[in-house]
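For reference, the structure is listed below as structure tokens.
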Amino acid sequence: MNTATFRALLAPSGQEVLQVAQALAPREADFLTNFTFLSRRYPAELARAALETAILREKATPKFPNTQRMYFTREALEQASAGEVSAYRAERYRAYSPIVDLGCSIGGDTLALAGAAPTLGLDIDLLRLAMAGANVRAANPANLSLSDHTLFVRADLTAPLPLSIISPLPSCALFFDPARRSGHRRAFSVHDYHPPLAVIREWLPQFPALGVKISPGVDLDELSAYNAEIEFISLRGELKEAVLWFGPLRSASRRATLLPGPYTLTDTDREPQSAIREPLSYLYEPDAAVLRAGLVRTLASQLNAAQLDPEIAYLTAEKQTPTPFARVWAVEDWFPFSLKRLRAYLRQRGIGQVTVKKRGSPITPEQLIHDLRLKGDLERVVFLTQLRGRPVAIIAASAPEI
């Protein structure tokens, strides 16, 4: 879709095509059939744009609350944050005005930031800027306050920022979302972002209040030169993104945040030393955000728990402590790993279905389940991991809620 086709889609005749496309409840697999139907009645480019929009609106449902009025490109939707994550991040900006959304794309983060303060969105892509404006207007059609608080400007972020209109500068804060995809290719290094992360060195002297969205799988060694807090955010147990917080937006060195909640865990001045113990009554599996933030020992201290191995993130404790930062299982038994012994143990107890979790084990869960050849009605979780460097199997069941 280009900007001319998008403008046609926004016109009353284009909205009619879009309504017909959405009524088809289209799926990717049915694209050709639906496109053939629509293009017999409407111009082909408009039919294609309407059909793509209808499909992307359905795909966007898990991320945004009002997708049936929003507009997307495929790449922009893949990179967009979930609305709950954007809303959480925007809370850090409430003391600042205005906010500049650098690389605003289709405006997903702009919507959240504009709820905190007037927001300027910058992007080089004219189509995405046009979609961002439409998405802001669609967010609450009965209340134009968001539109009143937003302005979109085309800008190349590798050139000096066109922020001379912003005053006073000390109250301004920036949010930067560099592109981490090019077509179907994903950028794994911060040096390959567009623009690369290093561009922020030009901004920080004048705009120290800066937040940067980066990939949660970032190589932490690449961030060693930046004096920033790094926050890892998970949503309903799935690690979603990382954020660098600079200057006055920084409030820790490392942070793990779980949504909804929010529940947040930060590093302490002195990282506690975690004891190494054999499996006790309960086994904890920390959330991925805790793992990426390097806060396993901090969590262990909160839970009065120990590690099974210095290199393994499973924790164990004699008493169960409620926590949002880890899943917990009741340990039934454990022993040095042996396929023969594990098979005999499970069969003797009528355990026919197992979920296999592993850390520090070369065995694939699918292969183990196949090799066990179990029969029975009971279910258990089998953890394949290490105890002081040696392979063990831990059999566990869901712990009761307390």
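What follows is calculated from the coordinates using simple rules that are stated; it is not laboratory data. For clarity, every value in this text was computed on a predicted model and none was experimentally measured. As a convention, Cβ positions derive from the backbone with ideal geometry for all residues, glycine included, and neighbour counts pool all protein chains shown.
Here is how the numbers come out for the structure above:
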quantity	calculated
Cα-centre dipole for the chain with unit charges at Cβ (Lys and Arg positive, Asp and Glu negative), debye to 20	920 debye
Using a Förster distance of 60 Å, the FRET efficiency for residue 158-residue 379 (Cβ separation, nearest 0.05)	0.65
Backbone N under 12 Å from the residue 347 label point (7 Å along Cα→Cβ), restricted to the range 360-378	372-376
Extension reserve of the residue 59-residue 311 stretch, reckoned as 0.36 nm per residue once the Cα distance is removed	86.9 nm
HN-Hα J in Hz across the range 385-402 - Karplus 6.51, -1.76, 1.60, θ = phi - 60°, x for Gly and Pro	8, 10, 10, 6, x, 10, x, 9, 10, 10, 9, 9, 10, 4, 7, x, 6, 10
18 Å Cα-Cα reach of residue 375 towards lysines, excluding residues that sit fewer than 8 places from it in its own chain	340
Full-stretch length increase - residue 204, residue 224 - with 0.36 nm per residue and alpha-carbon distance subtracted	5.6 nm
Förster radius 22 Å - calculated FRET efficiency between residue 238 and residue 369, Cβ distance, rounded to 0.05	0.40
Net lengthening on full extension, residue 69/residue 401 (0.36 nm per residue, minus Cα-Cα)	115.5 nm
Cα→Cβ-extended label distance, 7 Å offset, between residue 45 and residue 275, nm	7.1 nm
When each of 213/358; 63/240; 63/357 is checked by Cα-Cα distance, pairs over 22 Å	213/358; 63/357
Residues 263, 284 arranged by fewest to most Cβ contacts within 10 Å	263, 284
Listed values (1) 178; (2) 114; (3) 144, entry calculated as volume of the Cα convex hull per residue in Å³	(1)
Separation in nanometres of the label points that stand 7 Å from Cα toward Cβ, at residue 332 and residue 95	5.2 nm
Inter-label distance, nm, simple model (7 Å from Cα along the C-beta direction), residue 186/residue 36	3.5 nm
